[in-house]
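Structure first, then comments.
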Amino acid sequence: SRDGWGYEALAGLAFEPSALFRFHVLGGYGVRQYDQAGLADVTSSLAEAQVTWLATKQLTFYTTAKRAIIDEITADANGGRVETSLSARLEYEVWHNVVFNAGLKLSEAEFSAVHRTDRKYSASAGVDWHLSKNWLFTIGYQHEVRDSTDDAFDMTRNRITVGAKLRF
């Protein structure tokens, strides 16, 4: 049994100093405790800060800094990890129904039960096509590199996604 319990307490502030900028800042603490012997408990401070800048009518920038507990109970992981990340994303409205997006993300994960730290670097780009108010089609590309202190977990991945959503 890999049952367990956890909680997070966060408090923060969200504000808009102008029509072009939005901010939110959160801080708190989190705990994960697992019932199975050998699974390491995780406790950590938590934080999140996000800035949204509406640069023009067509262009929006998002930046996020975050520290979170990530639950990972798999055959090769013994409990959770604490992940600290920094990301930036932009959305550009090419036409009224076509939106281009691009992003970068850097993250570092510290595992609770093993002496392992992973650094991930990723870049992505994509296009969203709003065919109608109900139909959305997407295509995207992501390149991700994971550099781990345990060489067995190093990875490079290229992912292409194609999607469709029907909303009612």
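The values are calculated or read from the model by the stated rules, or taken from the named source; none is laboratory data. Computed from a prediction, not measured in an experiment: that's the story for all the values here. Glycine gets a Cβ as well: all are built from the backbone with ideal geometry, and neighbour counts include every protein chain shown. Ligands, DNA and RNA are stripped out before the accessible areas are found, and what is left, the full protein with its side chains, is counted by its heavy atoms. Shrake-Rupley method; radii C 1.70, N 1.55, O 1.52, S 1.80 Å.
So the values come out like this:
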read-out: Matching entry among V99, V94, V127 (being hydrophobic (A, V, I, L, M, F, W, C), open to solvent by less than 50 Å² (accessible area, probe 1.4 Å), touching a strand residue (DSSP E or B) at 6+ places or on another chain (Cβ under 8 Å) and part of a strand (DSSP E or B)); value: V99
read-out: Residues satisfying the stated conditions in region 25-55, i.e. assigned to a strand (DSSP E or B), more than 20 Å from E83 (Cα to Cα) and not hydrophobic (A, V, I, L, M, F, W, C); value: T52
read-out: So A77, is it at pLDDT 95 or above and surrounded by 15 or more Cβ atoms within 10 Å (Cβ to Cβ); value: no
read-out: Filter result (touching a residue at least 24 places away in the same chain (Cβ under 8 Å), under 20 Å from E91 (Cβ atoms) and either exposed (fewer than 11 other Cβ atoms within 10 Å of the Cβ) or in contact with a helix residue (DSSP H, G or I) (Cβ under 9 Å, 6 or more places away or on another chain) (or both)) within region 137-168; value: V162, A164, R167
read-out: All positions within region 35-72 that are over 19 Å from the mean Cα position of the chain (by Cα), surrounded by 14 or more Cβ atoms within 10 Å (Cβ to Cβ) and more than 23 Å from E108 (Cα to Cα); value: L54, Q58
read-out: Residues satisfying the stated conditions in region 148-162, i.e. in a strand (DSSP E or B), farther than 16 Å from E83 by Cβ and not hydrophobic (A, V, I, L, M, F, W, C); value: T156, R157, N158, R159, T161
read-out: Positions within region 124-155 being closer than 22 Å to N101 by Cβ and out of contact with any Phe, Trp or Tyr (no Cβ under 9 Å at 6 or more places or on another chain), in sequence order; value: S132, K133, G140, Y141, Q142
